[in-house]
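Inspection log for the structure reproduced underneath, given as structure tokens.
The values are calculated or read from the model by the stated rules, or taken from the named source; none is laboratory data. Since the structure is predicted, the reported quantities are computational estimates derived from the model, not experimental observations. Reconstructed Cβ throughout: ideal geometry from the backbone, glycine too, with neighbour counts over all protein chains shown.
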């Protein structure tokens with residue numbers, strides 16, 4: 001769960017302060033706490049208990065799913081649903097499904113055959129605790145579980161279960177989320193252009209954030225204009241999110257991040273700071289966040305939570 | 001594609017000969033050739049081409065998907081649809097989805113952190129060609145693709161996309177297919193009872209075969225009685241299939257199997273022959289096949305292809 005000290009909202013940067021007057025009174029800390037609690041409760045119910053046979057796989061799935069993730073994707077999903085006049089309950093299966101996809105992708109990315117990370121969110125990675133074989137299977141199981149959870153969504157008049165499944169499968173498949181990880185793996189140690197890096201970031205991060213917002217909207221039976229607005233919002237927030245990740249990898253310590261800092265530099269991975277410099281990276285992230293704000297116009301005050309989330313993601317320090 | 005020499009149907013065992021008079025004239029070789037060609041064509045269209053960026057992942061996905069699999073699950077799926085009066089086209093997305101799940105599970109099972117196999121179907125395993133990292137991602141991508149392919153199914157009046165997704169997710173999730181692999185991994189080198197071995201086989205093999213038959217029926221808008229019959233059929237054929245696999249691991253050479261023979265003995269894995277002996281294992285497989293035959297009664301002659309498939313699976317030598 002996010003620590004209050006890390007939520008700086010409009011205070012830490014003059015940019016979001018100027019852009020975000022309308023949500024100055026929005027209590028994001030409280031919003032995130034409430035959403036995290038609700039999402040954790042729902043995930044706990046959707047997943048088999050640790051005692052369910054074979055207990056190893058359910059322990060491994062739950063270990064990573066409840067390892068202190070910030071639940072940003074579920075929060076975006078629920079906030080998107082609310083921006084479209086929907087309820088938290090309607091969008092909860094989608095929020096939980098995207099978190100299962102996110103967690104599976106982290107477990108597999110951390111494997112020795114990929115990024116080879118020992119720590120994630122300040123805890124040992126899945127394969128360090130359960131072994132590589134079970135970690136592969138725990139990822140597989142969470143990926144499969146995501147689609148099962150989607151079937152718990154109530155259908156709406158505009159969006160069927162078919163639409164929801166297609167949305168999640170496309171965003172997390174070989175042309176998006178997995179494409180990003182492949183390009184990332186293949187880019188290590190090679191000269192990468194700004195365009196190639198944007199390709200990776202769009203897929204590795206932006207695709208699932210965008211999908212989270214879209215699925216939230218779809219759960220609330222959004223109009224096509226609202227879906228377009230959420231798509232623009234998710235895309236820009238997602239890209240900004242990854243650029244900030246790149247910056248934090250350089251500026252923060254492993255303790256602050258809860259995972260190995262300086263990893264990108266050590267693995268000669270291209271990042272925004274390494275290609276366009278630190279200042280320019282920050283400017284780009286701010287511009288992207290500004291573009292995300294612009295897309296929220298149709299939602300008026302119902303978009304406050306989304307705006308607060310975008311601001312938080314820009315200004316976070318872990 | 002299966003070699004004609006390996007399809008012995010009723011000739012090789014007096015048991016199926018007695019039980020299968022009604023489909024003595026059924027040309028299974030021709031049936032399998034036709035279905036394999038159709039399934040390969042459909043899979044080729046559902047999957048992104050090898051040239052689609054990032055090409056590595058699409059090459060890796062297609063390498064294993066087109067490595068000469070016997071397409072038994074798709075054939076069961078299509079035959080089940082036809083037994084219920086449906087068409088091949090209606091059930092093709094389900095047939096392709098189960099094959100993607102099967103192929104992903106083989107890629108991950110072959111990884112060094114699991115069964116550590118170098119050969120599959122006479123060819124190098126995915127990770128031996130593309131590396132462990134890409135093999136993990138190729139499996140992930142095929143798993144995700146399976147759910148995307150399901151969305152191409154035409155809905156029926158009795159079964160929605162929600163039903164299809166739930167069926168596939170449950171059969172391939174942490175309580176079924178993945179549970180089987182976990183129990184299999186954990187059982188290596190330990191004393192395993194016949195009951196525990198049945199638990200593993202039911203999940204590791206029977207679950208997806210049963211799902212293949214059920215999804216085919218659902219694609220053909222089957223009645224609840226037909227679905228029950230297909231469930232019984234798939235369950236019994238699936239168990240028989242795995243017992244025969246256990247027997248072939250002992251009796252055949254690596255060249256005959258196209259994968260490492262004697263692997264179960266070497267890894268001290270419990271098998272039917274190691275627990276109940278070779279003769280008793282064969283008898284159990286025959287009894288299970290007989291039970292599968294019995295469940296086909298409601299389909300009359302429309303069940304001929306399913307009966308021929310069950311007979312083939314019992315009598316195969318690879």
| message | Name the residue that is farthest from the other protein chains (Cβ to nearest Cβ), counting only residues in region A:115-134 that are farther than 26 Å from residue A:42 by Cβ, in contact (Cβ under 8 Å) with a residue 12 or more places away in the chain and surrounded by fewer than 21 Cβ atoms within 10 Å (Cβ to Cβ). | response | A:119
| task | Could you grab me the full set of residues in region B:135-166 that are surrounded by fewer than 18 Cβ atoms within 10 Å (Cβ to Cβ) and in contact (Cβ under 8 Å) with a residue 60 or more places away in the chain? | result | B:152, B:154, B:156, B:157, B:158
| request: Any chance you could count how many residues in region A:183-221 are in contact with a helix residue (DSSP H, G or I) (Cβ under 7 Å, 6 or more places away or on another chain), more than 13 Å from chain B (Cβ to nearest Cβ) and within 21 Å of residue A:168 (Cβ to Cβ)? | output: 14
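Here is a yes/no grid of residues against (1) within 14 Å of chain B (Cβ to nearest Cβ); (2) in a helix (DSSP H, G or I); (3) under 22 Å from residue A:135 (Cβ atoms); (4) at pLDDT 95 or above:
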| site | (1), (2), (3), (4) |
| --- | --- |
| A:31 | no, yes, no, yes |
| A:34 | no, yes, no, yes |
| A:37 | no, yes, no, yes |
| A:42 | no, yes, no, yes |
| A:49 | yes, no, yes, yes |
| A:57 | yes, yes, yes, yes |
| A:61 | yes, yes, yes, yes |
| A:64 | yes, yes, yes, yes |
| A:67 | no, no, yes, yes |
| Members of region A:245-268 that are out of contact with any helix residue (DSSP H, G or I) (no Cβ under 7 Å at 6 or more places or on another chain), in a loop (DSSP other than H, G, I, E, B) and under 19 Å from residue A:204 (Cα atoms) | A:259, A:267, A:268
| field | Residue within region A:233-250 that is modelled with pLDDT under 95 and in contact with a strand residue (DSSP E or B) (Cβ under 6 Å, 6 or more places away or on another chain) present | value | no
| task | Consider residue A:85 carefully, then state whether it is within 14 Å of another protein chain (Cβ to nearest Cβ), at pLDDT 95 or above and either buried (at least 24 other Cβ atoms within 10 Å of the Cβ) or more than 18 Å from the chain's Cα centre (by Cα) (or both). | result | no
| message | Let me confirm something: among B:77, B:100, which residue is closer than 22 Å to residue B:223 by Cα and within 13 Å of the chain's Cα centre (by Cα)? | response | B:77
| query | Looking at region B:106-113, is at least one residue at pLDDT 95 or above, at negative phi, at the interface with chain A (Cβ under 9 Å from one of its Cβ atoms) and under 15 Å from the mean Cα position of the chain (by Cα)? | reply | no
| request: Considering each of A:260, A:265 in turn, give the residue that is surrounded by fewer than 14 Cβ atoms within 10 Å (Cβ to Cβ) and modelled with pLDDT under 95. | output: A:265
| task | Determine, yes or no, whether residue A:169 is surrounded by 24 or more Cβ atoms within 10 Å (Cβ to Cβ) and touching a residue at least 40 places away in the same chain (Cβ under 8 Å). | result | no
| When residue B:221 is evaluated against the numbered criteria (1) surrounded by fewer than 16 Cβ atoms within 10 Å (Cβ to Cβ); (2) in a loop (DSSP other than H, G, I, E, B), which criterion, by number, is the only one it fails? | (1)
| field | Meets criteria (on the phi > 0 side of the Ramachandran plot and assigned to a helix (DSSP H, G or I)) for residue A:283 | value | no
| query | In region B:70-83, how many are touching a helix residue (DSSP H, G or I) at 6+ places or on another chain (Cβ under 7 Å) and outside any helix (DSSP H, G or I)? | reply | 1
| said: For region B:147-163, check the following and say yes or no: at least one residue is within 9 Å of chain A (Cβ to nearest Cβ) and closer than 22 Å to residue A:135 by Cβ. | reply: yes
